[in-house]
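The values are calculated or read from the model by the stated rules, or taken from the named source; none is laboratory data. Note that this is a predicted model, so its numbers are computed, not measured. Neighbour counts are summed over all protein chains in view; Cβ atoms, including those assigned to glycine, are modelled from backbone coordinates with ideal geometry. Heavy atoms of the whole protein, side chains included, go into the accessibility calculation; ligands, DNA and RNA do not. Shrake-Rupley method; radii C 1.70, N 1.55, O 1.52, S 1.80 Å.
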Amino acid sequence: MIRIKASPKRIDKRVTDLVHIAEEPLSDNLDDNEKVLQQIFSNCNDLIIRKLTLYKSTRCIAAYLDVLVDESLWNNGLLNPLVKQELEDFDNQGELFEQLKYRLASFVTPQVINNRKEAVQRIVSGDVVLFIESSNAALSFSIKDQLQRQLEEPSSEAVIRGPRIGFIEKLDVNMALIRQRIRTPQLKFEKVILGAASRTDIAIVYFEGKTPQKVVEEVRQRVSKIEMDSILESGYIEESISDHPYSPFPVMQTTQRPDVVSAALIEGKAAVLVDGSPIALVMPITYWYGFQTVEDYYMNFIFASFLRWLRFLFAFMALTLPSIYVAVTTFHSEMIPTGLALSLAAAREVVPFPAMVETLIMEITFDALREAGVRLPRPVGQTISIVGALVIGQAAVQAGIISAPIIIIVSLTGIASFLIPHPEMNQAVSMLRFPMVVCAGTFGLYGVSAAVIAILIHLTNLNSFGVPYLSPLAPLNPSELWDVLIRAPWKIMHKRQRRIRPKMELEEK
């Protein structure tokens, strides 16, 4: 496993002073090392410093944080065998150190430490650091307590057919889940430590020989430039390395499914895993990923293609239906059939607001109810989101605040948005509905057309790690359309050439 050195970080003065102290080499005086540890970890009640006598004559101290170490494994698996060793003759302290390292290797994987900075970092990472008398080096080994939840199916990416397992907050477990699906030494993990305070492990994952080297280098460069005090979730990384952080459209895929990441790596993409987060980042991506699900590749290609077209249709409805209703009822009533126009006029007769304001009120209310349903406990949230919408909508119609047709429009829009499988794309469409309604209420269908054209222009200017966002439609690449507009049979997809390659690499060729 390769480790990349990240850029230095700035934190508060106290932490900076401690880092300066920790950079000094270890002392061969055991009491001095203990004094420095107590100074650095002052007021840390979870720091344990145990004084031991190994081989019946050698003094040493073991320093660790008891909340991160498996005490039973330490006491029964390592401590007793070391303390009970018979006295042996050693010509010098170096032989004693090597003998101790050899004995520990039977139980754990010891690593040699030569400076205080590394010793402190090992302790806060959950390792046990063993300081030995008359030696200016120490040994560290990991017996971490397994603080992790059980593997389970991701609730946000549930499937009818497919694996029922998702990532958890443990980086090593997530790496193992990918290794189980791609069993080749070409699968590479490069670790970076980010966050001056959090010291979070980040893993860059790619398939050597399939992932373009330009993409790997770009990911490395962007990750290494991140300067933050803490990295607590993959969202920190996503915003920091994004090509277009101010765009509502996602330029990186987020997923909790190991099979999705594995498939993306085989296709030639890269991924980023963050310790403490079950969400993986996949890059580069295109606009069409927002309407594809992993289940498309597990079911019959005919039904999968039908579902994709259904998502495209309803995504367009989710974006434009409220604005088209506002534009037609406000400026282009001659387009409505006479019977329907009379019905709409009768329904809106008692409503005091114009169609644009009425639509905005209902859209905001619907989004508020949906957000409340997500944040509340699951059983209560479902009741609030469904019953609340029915009660409020019916009461508003009876009170004459809004009309019944707008209830139908907003309900259809909400159902259409639920067909967009990825939350990031769903959020982008939901947010863009509001400016489109304003354009429709101001300029009619001309405003709707102008807003759609502006969105298309914005999409054509986006890219994800060198890949045009609307590829392979813009620029057009017919050979790549087999997995965009439809899901082709596996026989055809298997014979296709490589899927996504950055524009920079194609220009080099």
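If you filter the stretch 246-286 down to residues that are among the small types (G, A, S) and in contact with an Asp or Glu (Cβ under 8 Å, 6 or more places away or on another chain), you find that the one that is surrounded by the most Cβ atoms within 10 Å (Cβ to Cβ) is S277. Pairs linking a residue in the stretch 117-129 that is at positive phi and at pLDDT below 90 to a residue that is basic (K, R) and open to solvent by 10 Å² or more (accessible area, probe 1.4 Å), with Cβ atoms under 7 Å and 6 or more positions apart or on different chains, are G126/K144. Can you tell me how many residues within the stretch 218-245 are under 30 Å from P435 (Cα atoms) and open to solvent by less than 20 Å² (accessible area, probe 1.4 Å)? Number of matching residues: 3. Picking from residues in the stretch 315-339 that are within 26 Å of F291 (Cβ to Cβ) and of a type in the set (S, T, N, Q), the one that is nearest to the chain's Cα centre (by Cα) is T320. Can I182 be described as within 17 Å of A203 (Cβ to Cβ), open to solvent by less than 70 Å² (accessible area, probe 1.4 Å) and not in a helix (DSSP H, G or I)? Considered against the rule, which asks whether it is within 17 Å of A203 (Cβ to Cβ), open to solvent by less than 70 Å² (accessible area, probe 1.4 Å) and not in a helix (DSSP H, G or I), I182 comes out as yes. Applying a threshold of 6 Å to beta carbon distances and a minimum spacing of six or more residues, or different chains, the list of pairs starting in the stretch 248-273 at a residue that is part of a helix (DSSP H, G or I) and ending at one that is among the charged types (D, E, K, R) reads S262/R181. Which residues, taken from the stretch 389-413, are in contact (Cβ under 8 Å) with a residue 60 or more places away in the chain and open to solvent by less than 70 Å² (accessible area, probe 1.4 Å)? If the condition is that a residue be in contact (Cβ under 8 Å) with a residue 60 or more places away in the chain and open to solvent by less than 70 Å² (accessible area, probe 1.4 Å), then P405, I406, I409, V410, T413 are the ones that fit. When V129, V120 are checked against the criterion of being under 26 Å from L273 (Cα atoms), touching a Phe, Trp or Tyr at 6+ places or on another chain (Cβ under 9 Å), β-branched (V, I, T) and not assigned by TED's automatic domain parsing to the domain that holds P278, V120 stands alone in meeting it. Remark: F291 falls outside the filter, which requires a residue to be open to solvent by 60 Å² or more (accessible area, probe 1.4 Å), of a type outside the set (V, I, T) and modelled with pLDDT of 90 or more. Just so you know, in the stretch 303-344 the residues that are open to solvent by less than 30 Å² (accessible area, probe 1.4 Å) and among the charged types (D, E, K, R) include one that is nearest to Y446 (Cα to Cα), and it is R311.
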